[in-house]
Amino acid sequence: MSNVIEIEHMNKFYGQFQALSDINMTVEQGEVVVILGPSGSGKSTLIRCINLLEAYQDGDVRVADQRVENGPKLAGIRCEVGMVFQNFNLYPHLTVLANVALAPVRVRGMSRRDAQVRARALLEKVGMAAHADKYPSQLSGGQQQRVAIARTMAMEPRVILFDEPTSALDPEMVGEVLDVMQSLARSGVTMIVVTHEMGFARKVADRVIFMENGRIIEQNNPQDFFTAPQEPRTQAFLQAILHH
Amino acid sequence: MELLDTFFNWDVFVDAFPLMLRGLGVTVLLGVVSIILGLVGGLLLAMLRLYGYAPIRWFSRAYIDVMRSIPLLVLLVLIYYALPFVGIRLSSFAAAAAALSLVSCAYSAEIFRSGIEAIPRGQFEASASQGMSFFNTMRDVILPQAMRIVMPPMTSNCINVMKDTALASVVAMPDLLKQATQAQALSANPTPLVGAAVMYLLLLLPMVQLVSWVERRNAAGGKRA
């Protein structure tokens, strides 16, 4: 198996504050990695460095053997790294269908017709085909997030980053989004998921990474991670969230 | 009766009307040309001001501040009466169009900038994360949303440009006001001036009402795309 993402000795600073310290991790093709950790531990910052929405200062981040850095190759790398945002960030002035079809036309050079046919198929997959002609503001949060997932898949990226995809949702809508993500994972899509959904991590992850204070504290398969955490800080975290 | 004869003299008006109509044509042409140049230049300037390299950003900002500070009439007089001393001799139309669009593009640049800055960062990030180029991001994602926001202030700005075309009569441009003052001098009667005022109103009132309509619709429509 080949590594889609490799991160070596990466540091990130906001001014004096070190947000990420000596991050080392790899993600293999087809792997589902869930990143857990308390708020402010740098989880979101870490995945936002992978497509350079945040700049990192030291070390290397590589996607499919290409270093992620500013320059002419960045757009090409970003095509391979999809991202699903906490606040969906759908394009509000475009219909659901146009949201999904836009980037394939503009970036992949696909014909408008082909892109729309593909967009409809993807909307079907996330259960949103009936809403193709609506605008984002007419949809619930869960529906918007499912459209956002379809929009991301439309670019056929090598890996999809999920930045707390259910954190902005009403509780009753979390399930529909997690279901879509789970079926993506089953179909072999490589995913890195920052989330607070322990159930999802347990059920779907191939590997769980625990972060605190900008460091990776521990990583393991979900079985061992949840039942036999090694580090005291991981134990404390799991204690706090699982027995409240 | 004397009042009617003085200010609303039909015979004088009919005599002056053809010239004033031609003047109105010149006014509209000057306004439209200046508005278009001002919008195009303003968008360009806003882009440089927001996304250019530091020196370009600084220069755009300085340009915008200067153009928003200088009185339009002063700039117009400078262009028309001072530039010939360095060999640049513009027709009165070109001088007026230059002055109007140089100033209006500074105002529209600031309006565009505020509109673009009102777009949430998530929109830029979503577009970037899909590998969209700067140009595509602007054209397909940011500007369509920004345009909706800047519609009311931008229309107001266009109305101002149209109104300010009257200043061009100072540099002997045969616009509506100039034609009216000439007709007034010729007939020794102020009716053409009143006529000109009415024609300005007929031209601009619908535009003003358009602005309030757009503003009302935006306020009511809210989120609906």
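What's the number of the condition residue B:78 fails, among (1) surrounded by 16 or more Cβ atoms within 10 Å (Cβ to Cβ); (2) assigned to a helix (DSSP H, G or I); (3) more than 14 Å from chain A (Cβ to nearest Cβ); (4) not charged (D, E, K, R)?
(1)
Quick check: is even one residue across segment A:26-43 in a helix (DSSP H, G or I) and either under 24 Å from residue A:223 (Cα atoms) or more than 14 Å from the chain's Cα centre (by Cα) (or both)?
Kept after step one, since they are in a helix (DSSP H, G or I), are these residues of segment A:26-43: A:43.
When the remaining residues are screened for being either under 24 Å from residue A:223 (Cα atoms) or more than 14 Å from the chain's Cα centre (by Cα) (or both), the result is A:43.
Yes, some residue in segment A:26-43 is in a helix (DSSP H, G or I) and either under 24 Å from residue A:223 (Cα atoms) or more than 14 Å from the chain's Cα centre (by Cα) (or both).
Of the conditions (1) within 17 Å of residue A:30 (Cβ to Cβ); (2) touching a strand residue (DSSP E or B) at 6+ places or on another chain (Cβ under 8 Å); (3) at pLDDT below 95, residue A:156 satisfies every one except a single condition; which number is it?
If we test residue A:156 against (1) within 17 Å of residue A:30 (Cβ to Cβ); (2) touching a strand residue (DSSP E or B) at 6+ places or on another chain (Cβ under 8 Å); (3) at pLDDT below 95, just (2) comes out false.
Name the residues in segment A:1-25 that are in a loop (DSSP other than H, G, I, E, B) and within 14 Å of the chain's Cα centre (by Cα), would you? Break it down stepwise before answering.
First, pick out the residues of segment A:1-25 that are in a loop (DSSP other than H, G, I, E, B): A:1-2, A:15-16.
None - no residue of segment A:1-25 is in a loop (DSSP other than H, G, I, E, B) and within 14 Å of the chain's Cα centre (by Cα), so the list stays empty.
Tell me which residues, restricted to segment A:151-171, are assigned to a helix (DSSP H, G or I) and in contact (Cβ under 8 Å) with a residue 12 or more places away in the chain.
First, the residues of segment A:151-171 that are assigned to a helix (DSSP H, G or I): A:151-153, A:171.
Correct list: A:151, A:152, A:153.
Looking at segment B:101-127, which of the residues that are β-branched (Val, Ile, Thr) and closer than 30 Å to residue A:163 by Cα is surrounded by the fewest Cβ atoms within 10 Å (Cβ to Cβ)?
Going residue by residue through segment B:101-127, those that are β-branched (Val, Ile, Thr) are B:103, B:111, B:116, B:119.
Among the residues that remain, those that are also closer than 30 Å to residue A:163 by Cα are: B:116, B:119.
Details: B:116: 23, B:119: 17.
Among them, the one singled out is B:119.
For residue A:137, all conditions in the list (1) more than 9 Å from chain B (Cβ to nearest Cβ); (2) over 19 Å from the mean Cα position of the chain (by Cα) hold save one; what is the number of the exception?
Checking residue A:137 against (1) more than 9 Å from chain B (Cβ to nearest Cβ); (2) over 19 Å from the mean Cα position of the chain (by Cα), the one that fails is (1).
Among the polar types (S, T, N, Q) and closer than 25 Å to residue B:146 by Cα - does that describe any residue in segment A:107-125? Step through it out loud before you land on a result.
Filtering segment A:107-125 for residues among the polar types (S, T, N, Q) gives A:111, A:116.
So of that shortlist, the ones also closer than 25 Å to residue B:146 by Cα come out as none.
Within segment A:107-125, none of the residues are among the polar types (S, T, N, Q) and closer than 25 Å to residue B:146 by Cα.
Collect the residues in segment A:44-92 that are within 23 Å of residue A:189 (Cβ to Cβ), among the small types (Gly, Ala, Ser) and outside any strand (DSSP E or B), keeping them in residue-number order.
Correct list: A:44, A:64, A:75, A:76.
Would you pick out the residues in segment B:128-147 that are surrounded by 16 or more Cβ atoms within 10 Å (Cβ to Cβ) and not in a helix (DSSP H, G or I)?
Once the filter is applied, which keeps residues that are surrounded by 16 or more Cβ atoms within 10 Å (Cβ to Cβ) and not in a helix (DSSP H, G or I), segment B:128-147 yields B:130, B:131, B:132.
Being surrounded by fewer than 15 Cβ atoms within 10 Å (Cβ to Cβ), more than 30 Å from residue A:98 (Cβ to Cβ) and either among the hydrophobic types (A, V, I, L, M, F, W, C) or touching a residue at least 24 places away in the same chain (Cβ under 8 Å) (or both), is that true of even one residue in segment A:227-234?
Taking every residue of segment A:227-234 in turn, at least one turns out to be surrounded by fewer than 15 Cβ atoms within 10 Å (Cβ to Cβ), more than 30 Å from residue A:98 (Cβ to Cβ) and either among the hydrophobic types (A, V, I, L, M, F, W, C) or touching a residue at least 24 places away in the same chain (Cβ under 8 Å) (or both).
I'm trying to understand the selection: among the residues of segment B:37-66, which are in contact with a Ser or Thr (Cβ under 8 Å, 6 or more places away or on another chain), part of a helix (DSSP H, G or I) and free of Cβ contacts under 8 Å to residues at least 12 places away in the same chain?
Within segment B:37-66, no residue meets the criteria.
If we keep just the residues of segment B:1-28 that are in contact (Cβ under 8 Å) with a residue 40 or more places away in the chain and within 19 Å of the chain's Cα centre (by Cα), which is surrounded by the most Cβ atoms within 10 Å (Cβ to Cβ)?
Only one residue fits best here, namely B:27.
Could you list, in sequence order, the residues of segment A:88-100 that are more than 9 Å from every other protein chain (Cβ to nearest Cβ) and under 13 Å from residue B:132 (Cβ atoms)?
The answer is A:99, and nothing else.
Can you say whether residue A:151 is modelled with pLDDT under 95 and within 9 Å of chain B (Cβ to nearest Cβ), as far as the supplied structure shows? Break it down stepwise before answering.
Working: modelled with pLDDT under 95: no; within 9 Å of chain B (Cβ to nearest Cβ): yes.
For residue A:151, the condition - modelled with pLDDT under 95 and within 9 Å of chain B (Cβ to nearest Cβ) - is not met.
Among all residue pairs at least 6 apart or on different chains, which show Cβ distances below 8 Å where the first residue, located in segment B:84-98, is at negative phi and free of Cβ contacts under 8 Å to residues at least 60 places away in the same chain and the second is buried (at least 18 other Cβ atoms within 10 Å of the Cβ) and part of a helix (DSSP H, G or I)?
Final answer for the pair search is B:90/B:79; B:90/B:80; B:90/B:98; B:98/B:79.
Mind listing whichever residues of segment B:128-138 are more than 9 Å from chain A (Cβ to nearest Cβ) and without any contact (Cβ under 8 Å) to a residue 12 or more places away in the chain?
B:135
Looking at (1) free of Cβ contacts under 8 Å to residues at least 40 places away in the same chain; (2) of a type outside the set (Gly, Ala, Ser); (3) surrounded by fewer than 19 Cβ atoms within 10 Å (Cβ to Cβ), which is the one condition that is false for residue A:77?
(3)
The values are calculated or read from the model by the stated rules, or taken from the named source; none is laboratory data. Just so it is clear, the model here is predicted, and its values are computed rather than measured. Note that each Cβ is placed from the backbone with ideal geometry, even for glycine, and that neighbours are counted across all protein chains shown.
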